């Protein structure tokens, strides 16, 4: 900043390192108005005297670096027109300084994803010029009392903190508010009727809190511009309010994991722009009628309905038509009987299908390979029968490296709540047939599935040897063949699967040595337990000493069985607890 003529300095998205040095007080004033040093590798504390010579500064963006210490307030005093301050994604700590109240012209303050703590200072609420306040992913606490003084707010993002208390009824004074993000806090109480006055709202994100009561105090028909409503993981009760169906611009609606009851209204068809719908664990019944109603929603691409329709029958009803744009469909954990229905074959854009944890029977239909875009299929924990169909080996997206380009309207949480996916193509390519009644041998042409990252054939009745072609799926990260009736030796070529991070062939009838070098040697004993004829350093039975340790082998098998049971139960429990943050505890949250 030694130049006396630069107005805008942008060095963002480089690899600049070190700290920012202080300028001597004798340095002549600089006309700099915009300084963007974001997305670099700067570290250390922010300078304090430098800003005294940049009195024309309007915008300072230092986001996505490694700055430490407290948030500086010197620019508020030195630069009278200072308006945009972005320090997000750094390592700033301490409380939010009251000195920010001296930024009388500040319109945007972003300091999300730092290590800030304490309560929001009262002085911050004196900066009435603020239009965008974004402080997510910190350690802020306390109530929101005073936030409604910021009547110019357009964006309020305080998600991922430890805020408590309720939303004050005076929130209705924020009449310009368009974005409201209070997700992942400890807030409680009912939604205030005053929220209805925020008629410009586009996004309401209140997921993962402790809000209670019915939603009737809020008239959603007053939100003509509302596009995203996310109330996941709260304690709301009653029926889904009919006024929601007046939000004609709504593209994403997630009400999962509350205590709603009642049937889905046919008025959902009024939401002509609705792309994302998640109603997991909403006490819905009558799956046939529900699907018929939703099939009229031509814009739907993502539909999560798990943990509903308990013990009903999967409809094989040719009157279920539509869904031509559905890409993600989850009907998991419903204990549905019947079989994989033919109407699914008509959803030609389907990318991800989850029917896990039901009671479906009969073989997998051959038409499954006609779903040209399907790359994530989980039909585990059912009672499906027959051989593993060759049609599964012909699924185009499991053989190709191509990915789906589309995006979700809301982030989908996979496995654990903190891991978010914003587009289907970011998901791993999965084929999960575990915990069924499949029999026969593993098809030799399983090697065609070159794009699969996770393959689970566990807990079936599969026999024969592990096919050599399996060793050619070089991108495989998860392979589970446990709890079957497999025989023969462990193919040495499995060591060629260099990306394999989870591997389980326990509880089979495999024999011979366990590899002592290569990828397979990195896995724990439990990956091989329950195979009495295996031998090697990690197995109780040492190769060449077949008479030694017979009793120990038996006890190892028993222990292995117990371990497998505990693992299976634990996995089932985790699935039930974490499910959907979008939906699908086992997959999404």
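The values are calculated or read from the model by the stated rules, or taken from the named source; none is laboratory data. Values in this document were obtained by computation on a predicted structure and should not be read as measured data. Neighbour counts run over all protein chains shown; Cβ positions are idealised from the backbone, glycine included.
Quick notes on this structure:
- Selection within the range 12-43 - surrounded by 15 or more Cβ atoms within 10 Å (Cβ to Cβ) and either assigned to a strand (DSSP E or B) or in contact (Cβ under 8 Å) with a residue 60 or more places away in the chain (or both): 34, 35, 36, 42, 43
- For residue 307: the one exception among (1) in contact (Cβ under 8 Å) with a residue 40 or more places away in the chain; (2) touching a strand residue (DSSP E or B) at 6+ places or on another chain (Cβ under 8 Å): (2)
Listed here are the residues, each with its yes/no results for (1) surrounded by fewer than 16 Cβ atoms within 10 Å (Cβ to Cβ); (2) at pLDDT below 95; (3) outside any loop (DSSP other than H, G, I, E, B).
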{"residue": "335", "(1), (2), (3)": "yes, no, no"}
{"residue": "339", "(1), (2), (3)": "no, no, no"}
{"residue": "349", "(1), (2), (3)": "no, yes, no"}
{"residue": "357", "(1), (2), (3)": "no, no, no"}
{"residue": "360", "(1), (2), (3)": "no, no, no"}
{"residue": "364", "(1), (2), (3)": "no, no, no"}
{"residue": "372", "(1), (2), (3)": "yes, yes, no"}
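- Condition broken by residue 89, with the remaining ones in (1) farther than 23 Å from residue 179 by Cβ; (2) out of contact with any helix residue (DSSP H, G or I) (no Cβ under 8 Å at 6 or more places or on another chain) satisfied: (1)
- Only one of 470, 500 that is assigned to a loop (DSSP other than H, G, I, E, B) and crowded, with 18+ Cβ neighbours inside 10 Å: 500
- The sole residue among 217, 249 that is out of contact with any helix residue (DSSP H, G or I) (no Cβ under 6 Å at 6 or more places or on another chain) and either over 21 Å from residue 133 (Cα atoms) or in contact (Cβ under 8 Å) with a residue 40 or more places away in the chain (or both) is 249.
- Single match in 67, 92, 46 (criterion: modelled with pLDDT under 95, touching a strand residue (DSSP E or B) at 6+ places or on another chain (Cβ under 7 Å) and buried (at least 19 other Cβ atoms within 10 Å of the Cβ)): 46
- Scan the range 161-180 for residues that are more than 19 Å from residue 222 (Cα to Cα) and either part of a strand (DSSP E or B) or out of contact with any strand residue (DSSP E or B) (no Cβ under 9 Å at 6 or more places or on another chain) (or both) and the total you get is 4.
- Among (1) at pLDDT 95 or above; (2) in contact with a helix residue (DSSP H, G or I) (Cβ under 7 Å, 6 or more places away or on another chain), the one test that residue 141 misses: (2)
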